[in-house]
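Accompanying notes for the structure given below.
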Amino acid sequence: MFQPKIAFFDIDQTLYLKNENRVPDSARLALQKLNQRGIITAIATGRTLAVLPESIRALIAECGIEMLISVNGQYIEFKGKELISFAMPRDWIEHIATALQSQNVDYAFVCRNGIFVSRNNAHIQAAAQDLNLPYFVDALAYQKYDVYQMLGFYPAALSAQIEALLPPNVKTIRWHEFGVDILDKNGSKARGILAALDKLSLKIQDTMAFGDGLNDVDMIQAVHLGVAMGNAEPELKAIADYIAPNIDDDGIYRALVDLQIID
C-alpha cells in the first residue's frame with residue numbers, strides 16, 4: 001500500500017470551487033487527515049501567490065500548508081520564504097510583448113506581488129472574472145519586478161498565428177477561452193516539484209498529486225501517483241494513474257480513502 005510523504009494539490013477546480021468561492025469541507029478534512037499522518041501537504045498552482053483566493057489562504061493557515069508552488073512551478077515558497085524561483089529573462093519578455101503588440105493582443109506580467117496587464121479590455125476582464133483574478137494596469141511592470149510568466153489574451157482561433165511570433169524558448173498553455181499562460185518551455189509544475197524535492201531531500205517515489213487542468217499534465221505524469229479529478233480535462237484523465245470523483249462530490253476525500261491513504 002502506497003503512503004506518500006508529500007501530496008501536491010492544484011487549486012482551481014481541484015481544491016477550490018471557483019464558481020462558489022469555497023473549498024469543500026471534505027477536502028479540508030482530507031488535508032487535515034494527511035497532516036495527522038505526517039504527510040506534507042503542498043499547493044501547486046498556476047496562480048501567483050498574490051492572487052490566492054481568501055478561502056485558500058484560510059486553508060493554508062488552518063492545515064499548516066508550508067510548501068507553495070506557484071506560477072506553474074516558477075516561484076516556490078517554503079515556510080513563508082522563497083525556496084526557488086525561475087524569473088523570465090528581460091529579452092524574452094520584450095520579445096513576447098513586441099510580438100503580441102504587433103497583433104494588437106494585450107498581455108500581462110505575472111509577478112510575486114500581483115498580475116499587471118498592458119491595458120484593460122473585454123478579453124482580460126472575461127478571463128480574470130472566470131478565476132476571480134485581481135489585476136493592475138501597468139505596461140512597464142517588468143521593469144520594476146521579476147516576471148515569472150506572462151499571459152496572453154486572445155481566442156484559440158488566433159493561436160497558430162500569434163504563437164508563431166513568440167520566441168522558441170517559450171510555450172503556451174490555454175486556461176480560458178481568451179487566456180493563455182506564456183512561460184519557459186522547460187517550466188512546469190513538475191520542474192518546480194522536482195526542484196523542491198531536491199531541496200527537501202525527498203524522492204519522486206514519495207509523491208502524489210491531484211489536478212484537473214492542462215497545466216497539471218506534467219505534474220500528474222511526474223509524481224509517483226497522479227490523480228485527475230472527475231471534472232478534469234480529458235487529456236489529463238488519459239494520463240492519470242487514478243481518476244477521483246468530481247470536486248463537488250467529495251473527490252479528494254473519497255480518492256484518498258479509496259487509495260487507503262487516509263481512513
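Here, each number is a calculation from the coordinates, and none is a lab measurement. Remember, it's a predicted structure, so these values are computed and weren't measured experimentally. Neighbour counts are summed over all protein chains in view; Cβ atoms, including those assigned to glycine, are modelled from backbone coordinates with ideal geometry.
Arranged by the count of other C-beta atoms within 10 angstrom, fewest first, what order do 200, 158 take? Walk me through the intermediate numbers first.
Numbers: 200 15, 158 12.
The most exposed by this proxy come first: 158, 200.
On the basis of the beta-carbon distance and an R0 of 25 Å, residue 22 and residue 241 show a calculated FRET efficiency of 0.35. Dipole orientation for region 142-225: of the candidates 142, 173, 205, 142 has the Cα lying most toward the positive pole (charges on Cβ; Lys, Arg +1; Asp, Glu -1).
Which whole-number percent is the relative contact order of region 90-184 (Cα, under 8 Å, 6+ apart)? That works out to 31 percent. Of all the options 101, 149, 32, the one that moves most in a Gaussian network model of the chain with Cα springs shorter than 10 angstrom is 101.
Applying a DSSP loop filter and a limit of 14 other Cβ atoms within 10 Å to the trypsin sites (Lys or Arg not before Pro) in region 46-132 leaves 79, 119.
Quick check on the exposure proxy: order 188, 26 from fewest to most C-beta atoms within 10 angstrom. Walk me through the numbers on the way to the answer.
On the way: 188 24, 26 17.
Listing 188, 26 from fewest to most nearby Cβ atoms yields 26, 188.
Can you tell me, using C-alpha contacts under 8 Å and at least 6 residues apart, the relative contact order of the chain as a whole percent? Relative contact order of the chain: 21 percent.
The angle separating the long axis of helix 122-131 from the principal Cα axis of greatest extent in the chain is about 10 degrees.
Counting lysine pairs in the chain that sit 8 or more residues apart in sequence, or on different chains, and whose Cα atoms lie under 23 Å apart gives 25.
So if I take the alpha carbon set of region 90-184, get Rg, then get Rh from the Kirkwood formula, what is the Rg over Rh ratio? Present the calculation step by step, with values, prior to reporting the outcome.
Working: Rg = 11.9 Å, Rh = 13.1 Å.
My calculation puts Rg/Rh at 0.91.
Which of the three applies to region 144-183, rounded, prolate or oblate, going by the alpha-carbon gyration tensor with a ≥ b ≥ c and a/c under 1.5 meaning rounded? Before the final figure, lay out each step's value.
Numbers: a/c = 2.33, a/b = 1.40, b/c = 1.66.
It is oblate, given that a/c is not under 1.5 and a/b is not larger than b/c.
Taking a point 7 Å out from the Cα of residue 5 in the direction of its Cβ, the residues of region 222-240 whose backbone N falls within less than 18 Å of it are 222-226. When only alpha carbons are used to place a centre, region 9-79 and region 110-128 end up 22 Å from one another.
Compared with the dominant Cα axis of the chain, that is its longest principal axis, helix 25-36 is turned about 70°.
Beta bridges assigned by DSSP with both partners in the chain are antiparallel in approximately 55 percent of cases. Axis of helix 189-200 versus longest Cα principal axis of the chain: the two differ by about 60°, to the nearest ten degrees.
Of 59, 259, the sequence from fewest to most neighbouring Cβ atoms within 10 angstrom is 259, 59. Inter-label distance, residue 186 to residue 66: 2.9 nm, where each label sits 7 Å from its Cα along the C-beta direction.
Measuring r between the beta carbons of residue 122 and residue 144 and using R0 = 25 Å, the FRET efficiency lands at 0.40.
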